[in-house]
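Some notes on the structure that comes next.
Read-outs: derived from the displayed coordinates by stated rules, not from any lab. Since we're looking at a predicted model, the values are computed, not measured. When we count neighbours, we look across all protein chains shown, and the Cβ atoms used for this are built from the backbone with ideal geometry, even at glycine.
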């Protein structure tokens, strides 16, 4: 099923990454005030022992970013490594905290994970758009009590001759999104039809925990914990370039993917640590006494925005999904 859409144009995106020209935007709702997350009013029972999942560094992979070719490649490579080492019969868990993204990248990730020797089940903390379809495209669909799934209509842009190229490209995009939708519907056990599903997602469908199970779009509500092998943190260097200068961030993440916050321990410019709140510190790192003040202010703003974006990544991911 998924092979039919692996070649979809990068012009189609789920989750708000508009790729390609903006000559035509596929049918999508006009910007509105974000719909509130719908919380099921049904009583929530405490998970039983069979509904508890223990994550270890040997059985977990994480998607905590926008779906891009780069981010999904990292997940696929991590999964391959675990697949080679995990004993037979064990399950690989993909923990999701993502607003969605590129359809091609997502469908390729689904195909690669389904081709592993071990079954890949998903644990949803927050999975919107292409994240939702990744959940529906893999193994057992687990979700935490307060986990959120979101499905909506696709949004994209196209360029090409019309009539002709544009019509063909639109048909391909429509076929791809319908294929994804139909696969999700097929997993509801008859609870949803194509018509009822499309009606639900018309103005976005937000679900938490048990409600997703009740609709047939998740299998079980589970409790999840990390064992001692996921104690501690991991540091990652992130570099971006601004006006010919390198801005370096040392980003610290918890090894346990259930802890979604991010810290920035140090910020540097051209290899020298700086205090982002101190303009003099930034000027000293730049090392050019003739640099205009307005350039320094722009650099400081860029650094502060980047730090805020990285440290608030969990909330930013949700805001990206809401905005699109």
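Going by a ≥ b ≥ c, the root eigenvalues of the Cα gyration tensor, does the range 124-236 fall in the rounded group (a/c under 1.5), the prolate group (a/b larger than b/c) or the oblate group? Since a/c reaches 1.5 but b/c is at least a/b, the shape of the range 124-236 is classed as oblate.
Modelled spin-label separation between residue 284 and residue 111, with each label point placed 7 Å from Cα along the Cα-to-Cβ direction: 5.4 nm. Extent of the range 225-278 along its three principal axes (Cα atoms, max minus min coordinate, largest first): 43, 20, 15 Å. Residues of the range 90-124 with an amide N closer than 17 Å to a point placed 7 Å from the Cα of residue 81 along the Cα-to-Cβ direction: 92-95, 113. Take the Cα of residue 70, step 7 Å along the line toward its Cβ, and report every residue of the range 225-264 whose backbone nitrogen sits under 18 Å from that point. Zone members listed by number: 235-253.
Take the range 145-203, compute every pairwise Cα distance, and split them into 10 Å bins from 0; I just need the percent in each bin. Taking all Cα pairs of the range 145-203, the binned fractions are 19, 41, 27, 11, 2 percent.
Model label sites at residue 239 and residue 273, defined 7 Å from Cα along the beta-carbon direction, differ in position by 1.9 nm. In terms of its Cα atoms, the range 94-181 spans 48, 30, 16 Å along the principal axes, sorted from long to short. Working from label points 7 Å from Cα in the Cα-to-Cβ sense, the residue 231 to residue 171 distance is 6.1 nm.
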